[in-house]
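Here is the structure we will look at.
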Amino acid sequence: MLEAVDLSRAFDGRVALDGLGLEADAGEVVVLLGPNGAGKTTTVRLLNGVLLPDRGCSRVLGLDPATSGDQLRRRTGVLTESAGLDDRLSARQNLAAAAAIRGIRGNEAERRITGSLERFGMGHRADVALQGASTGERKRVALAGALLHEPEVLFLDEPTSGLDPTATRDVIDLIADLTRTRGSTVVLCTHLLPEAGRLASRMAVLDRGRLRAYGRPDELAAALWPGLAVDLDLGGPATPPVLGVVHGCRGVLGVEAAASGARVRVEDREAVPAVVAALVAADVAVYGATPRPATLEDVYFALQGEPSPAAPDGTG
Ligand SMILES: Nc1ncnc2c1ncn2[C@@H]1O[C@H](COP(=O)(O)OP(=O)(O)OP(=O)(O)O)[C@@H](O)[C@H]1O
Ligand SMILES: [Mg+2]
């Protein structure tokens, strides 16, 4: 569905993307993460064929974006950072232009445009010029335009930046829904890690044009941290003898004291009941045992070499 091999591009001799390799299946959400200037937007532009690589190649929907860009873009939708709208035109007129480019005309175009504007909460503002529209309103119109022709692959460059919390949630739900019900493939650039965590089936972490990591978030987490972290609520920090009890249980990989008890690392959740039973047998009150699977956020910060507030081993 989507593949890149050694994809590279420089601007004025400065490398923007260097040897990118990735692949994804239909219906997946590939999230591109990384600091400003990492190469995310460049990747999207290369994959959608609006920019040509200096080296390497890619395939999207079986097409080479570098040579079959027009053909490809009929089947992809794109939301760019700048939204690409004409301010002098109304939302409806902007969408009509987008529809015309896709070859959607007449009643069919009208039906889709009206439906799309309603779906994105822009029905009431459909016929006034976009000039003066808020950031979020523009984004909604641009998203409506990107989805008008029901694309098989969707490139979304920071689709929720500037959106209010409700609109952000709606867009996240929409992306999840598109992949689930229509099998659309989504390439999503974002700086919002919780949003990425909810959607990503694969995550790519870029830094100064280089791919630092690529894979399924849970597999990347498993490679970083073996087993599963579980927080034990013991009503106060675990004492060394209590830590000793936990450490002696089968399936325990490690344990350390925490403010309200201990954080224990186990091979898998099947080890938890025995840990609780051993503590109870040793007369230790156990108020709770809560698994803390590593999140995409944990993986991201670990790859950046920064501590995460929620790092699964408590240190990052
Ligand atoms: N058209 C261009 N001309 C010159 N330099 C460019 C161009 N497009 C991108 N670059 C440079 O390539 C690098 C990667 O840019 P890119 O836009 O891909 O980053 P990004 O990861 O999308 O960043 P952001 O999070 O800020 O959107 C940057 O150093 C940028 O200045
Ligand atoms: Mg960008």
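Each value in this text was obtained by applying a stated rule to the coordinates, not by laboratory testing. Every value quoted in this text rests on a predicted model; they were computed, and no experiment measured them. Reconstructed Cβ throughout: ideal geometry from the backbone, glycine too, with neighbour counts over all protein chains shown.
Points to keep in mind about this one:
- Shape class for segment 4-68: oblate, because the ratio a/c of the largest to smallest gyration tensor axis (alpha-carbon atoms, square roots of eigenvalues) is 1.5 or more and b/c is at least a/b.
- Computed about the Cα centre, the dipole magnitude for segment 226-293 is approximately 80 debye when only Lys and Arg (+1) and Asp and Glu (-1) carry charge, each at its Cβ.
- Percentage relative contact order, segment 2-218, counting C-alpha pairs under 8 Å, at least six apart: 30 percent
- Model label sites at Asn36 and Thr135, defined 7 Å from Cα along the beta-carbon direction, differ in position by 1.3 nm.
- Under a 5 Å amide H cut-off, with hydrogens placed 1.01 Å from N, Ala289 pairs with Asp233 among residues at least 5 apart or on other chains.
- Cα centroid separation - segment 211-245 against segment 62-83, whole Å: 42 Å
- About its Cα centre, the chain has a charge dipole of approximately 840 debye under the convention of +1 per Lys or Arg Cβ and -1 per Asp or Glu Cβ, with nothing else charged.
- Long hydrophobic helices in the chain: the complete DSSP H runs spanning 24 Å or more by Cα along their own axis with mean Kyte-Doolittle hydropathy of at least -0.5 are 165-182.
- The trypsin sites (Lys or Arg not before Pro) of segment 241-284 meeting both criteria, a DSSP state outside H, G, I, E and B (loop) and at most 15 other C-beta atoms within 10 angstrom of the site's C-beta, are Arg250.
- J(HN,Hα) series, segment 2-15, from Karplus relation 6.51 cos²θ - 1.76 cosθ + 1.60, nearest Hz, glycine and proline x: 8, 8, 9, 10, 6, 5, 9, 7, 10, 10, 6, x, 9, 6
- As a rough guide to protection, the peptides 149-159, 179-189 ranked by mean Cβ packing within 10 Å, highest first, stand as 149-159, 179-189.
- Among Glu195, Glu270, Glu81, the largest mean-square fluctuation in a Gaussian network model of the chain, built with springs joining Cα atoms closer than 10 Å, belongs to Glu270.
- Built amide H within the under 5 Å cut-off of Ala16, gap 5+: Arg9, Ala10, Phe11
- Calculated translational diffusion coefficient of the chain (25 °C, 0.890 mPa s; Stokes-Einstein with Kirkwood radius over alpha-carbon pairs) equals 112 µm²/s.
- Rel. contact order, % - alpha carbon contacts under 8 angstrom, at least six apart, segment 226-293: 45 percent
- Toward the positive end of the charge dipole of the chain, with +1 on the Cβ of Lys and Arg and -1 on the Cβ of Asp and Glu, the farthest Cα among Ala278, Thr43, Ser134 is that of Ser134.
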